[in-house]
Amino acid sequence: MSGVTQQMGEKRVFLREATGLVREMKPRDALFLNFLNMSIGLGVAWVIFWGPGIYPGANVELGLIIAMVCCMFGMFCFATLTAAMPRSGGDYVFVSRALHPSLGFMANWTWVVWNVVWCGVLGTWVVTWGMRDLLGILAVVNNDSGLLSWADDLSHPDNPITLTITSLVVILSSVMLALGLKVYIKVQAICAIVGLIMLIVAAALFATTSNAEWQTTWNQYAAEQGALDYNTTVADAVTDEPTSGLPFGNAGLTIGILPVGFWVLAYPYFSAFMGGELKRARTTAFIGNMGGVIIGGVFILGMYALVVNTVSEDFVIGTYAQFYGYTDNQYLMPSQWFDFHAGLIGGNSAIAYVMGVGMIGWLLMYPALSYLGQTRAALAWSFDRLVPGWFGKVSDRWHTPINAILFFTVVNWLYLVLYAFTFTYQQSFS
């Protein structure tokens, strides 16, 4: 009895005995979560455009395979730590328990601050990339100058319509998360499936289109839009210079592909931040983390091979040279990404919607992902009494950290407004 009295009289080390979160995330949900965080659709676009563009002459496929192998070590580490410490909070929990609480908080604090930045930047991409590409494809295949003007207007984060739509995405993301993990899981499944359908349709279009057919398609639409033809674009490839200072010749260029691949393949770790909400965390963590790298890498490698087989690597390099000013010729089409090219091959509004909505699907969940990481980190901090207990309140009805969601809704939206009017400067963050 005296032991119980003594225990009740002591101040608890933790905020309470349990977090209040519920283990509702299955292996498939963890896989979708990580797919959306690495955004395979964006990853394919980045690798196809930036890979040969930044490092012309590199063996992009080999560079991607090396990047996959390297990233698997990191994801194995995250999965192992999640299995050993299945609590929500990510690297804060791992580092604070394994090394030192101060190191854990510093590392996690930095990650949370940058997620505020990315919530604004990536939230804007729903409009400036996804909606712009949808309208751009529709404009070109239908030769509609009005839609082309809309696509150009929405590509600017400070456009009032762009800012309004992005604000709604950020706010509705917080509402969705406040209503519980089950609601989020359903929405993320829809977005992931829509995005995967887009990739499959794009793969089919490129697989069934020869380079000669692509030249005819491109020249037709380029003539209508006053853009440069295929041969001129390919000729501009020689003006693109590889990044200097890399050793070992072409082997050095191939090694240069590693950071391009890393931009995509290093991010299927997000389920680690949901450790306290994973069903059978020991197996779900490995499926979510390792599966994300393997399946994502296969998709990106396959799409890269199909796209360059159709449009040619020199066409991609020439497009890069025009877009970034390595040549006197300007790139005059509304988009430079693979979904735009697939839309031109399809040549109709239906395919345009599949490509545009699919890319929006890959982008739409980014603000919600930022919230997930931020709020679970704040909950872990509060649980360890590093921040006020207010951040640790979990709704009894929805089992969500409601106060943390409210706090980060305000912070993320304020940063979004700041980014909208300073985006020219902040582009250098990439």
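Values as computed for the structure displayed
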| read-out | value |
| --- | --- |
| Test result for I287, part of a helix (DSSP H, G or I), of a type in the set (V, I, T) and at pLDDT 95 or above | no |
| Test: L135 is assigned to a helix (DSSP H, G or I) and without any contact (Cβ under 8 Å) to a residue 60 or more places away in the chain | no |
| Region 153-171 residues that are closer than 22 Å to A139 by Cβ, paired with ones that are assigned to a helix (DSSP H, G or I) and among the aromatic types (F, W, Y) (beta carbon under 6 Å, 6 or more apart) | P157/F423; D158/F421 |
| Selection from region 41-69 of residues that are in contact with a Leu (Cβ under 7 Å, 6 or more places away or on another chain) and over 25 Å from C191 (Cα atoms) | Y55, G57, A58, E61, G63, L64, I66, A67 |
| Residue match in region 310-320 (condition: over 30 Å from V234 (Cβ atoms), part of a helix (DSSP H, G or I) and open to solvent by less than 10 Å² (accessible area, probe 1.4 Å)) | no |
| Selection count where residues are among the aliphatic types (A, V, I, L, M) and under 22 Å from I40 (Cα atoms), scope region 109-140 | 10 |
| Region 321-341, subset in contact with a Ser or Thr (Cβ under 9 Å, 6 or more places away or on another chain) and in a helix (DSSP H, G or I), residue surrounded by the most Cβ atoms within 10 Å (Cβ to Cβ) | H341 |
| Every residue from region 97-109 that is open to solvent by 10 Å² or more (accessible area, probe 1.4 Å) and in a helix (DSSP H, G or I) | R97, A98, P101, S102, L103, F105, M106, A107, W109 |
| Residue within region 211-233 that is closer than 30 Å to R87 by Cα, touching a residue at least 24 places away in the same chain (Cβ under 8 Å), outside any loop (DSSP other than H, G, I, E, B) and not aliphatic (A, V, I, L, M) present | no |
| Residue check, R397 open to solvent by less than 10 Å² (accessible area, probe 1.4 Å) and among the basic types (K, R) | no |
| Conditions (1) closer than 26 Å to L363 by Cβ; (2) touching a residue at least 12 places away in the same chain (Cβ under 8 Å); (3) open to solvent by 50 Å² or more (accessible area, probe 1.4 Å); number of the one not met by N115 | (3) |
| Selected residue [over 30 Å from V308 (Cα atoms), out of contact with any strand residue (DSSP E or B) (no Cβ under 8 Å at 6 or more places or on another chain) and either at pLDDT 85 or above or open to solvent by 70 Å² or more (accessible area, probe 1.4 Å) (or both)] from L64, L42, L81, L15 | L81 |
| Residue in region 378-389 that is open to solvent by 40 Å² or more (accessible area, probe 1.4 Å) and of a type in the set (D, E, K, R) present | yes |
| Restricting region 86-96 to residues that are in a helix (DSSP H, G or I) and open to solvent by 20 Å² or more (accessible area, probe 1.4 Å), the residue that is modelled with the highest pLDDT | V95 |
| Residue under evaluation T162, criteria (1) in a helix (DSSP H, G or I); (2) open to solvent by 10 Å² or more (accessible area, probe 1.4 Å); (3) out of contact with any Phe, Trp or Tyr (no Cβ under 8 Å at 6 or more places or on another chain), criterion not met | (2) |
| All positions within region 81-140 that are of a type in the set (S, T, N, Q) and touching a helix residue (DSSP H, G or I) at 6+ places or on another chain (Cβ under 9 Å) | T82, S88, S96, S102, N108, N115, T124, T128 |
| Test for F262: is it closer than 30 Å to G292 by Cα, open to solvent by 20 Å² or more (accessible area, probe 1.4 Å) and either modelled with pLDDT of 95 or more or not in a loop (DSSP other than H, G, I, E, B) (or both) | yes |
| The listed residue being open to solvent by 40 Å² or more (accessible area, probe 1.4 Å) and more than 16 Å from Y366 (Cα to Cα), out of L168, L138, L147 | L147 |
| Tabulated pairs, region 179-207, first crowded, with 22+ Cβ neighbours inside 10 Å and outside any helix (DSSP H, G or I), second small (G, A, S) and at pLDDT 95 or above, C-beta under 7 angstrom, 6+ apart or interchain | none |
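The values are calculated or read from the model by the stated rules, or taken from the named source; none is laboratory data. Just so it is clear, the structure is predicted and the values come from calculations on it, not from any experiment. Neighbour counts are summed over all protein chains in view; Cβ atoms, including those assigned to glycine, are modelled from backbone coordinates with ideal geometry. Protein only, heavy atoms only, side chains kept; ligands, DNA and RNA dropped before computing areas. Shrake-Rupley method; radii C 1.70, N 1.55, O 1.52, S 1.80 Å.
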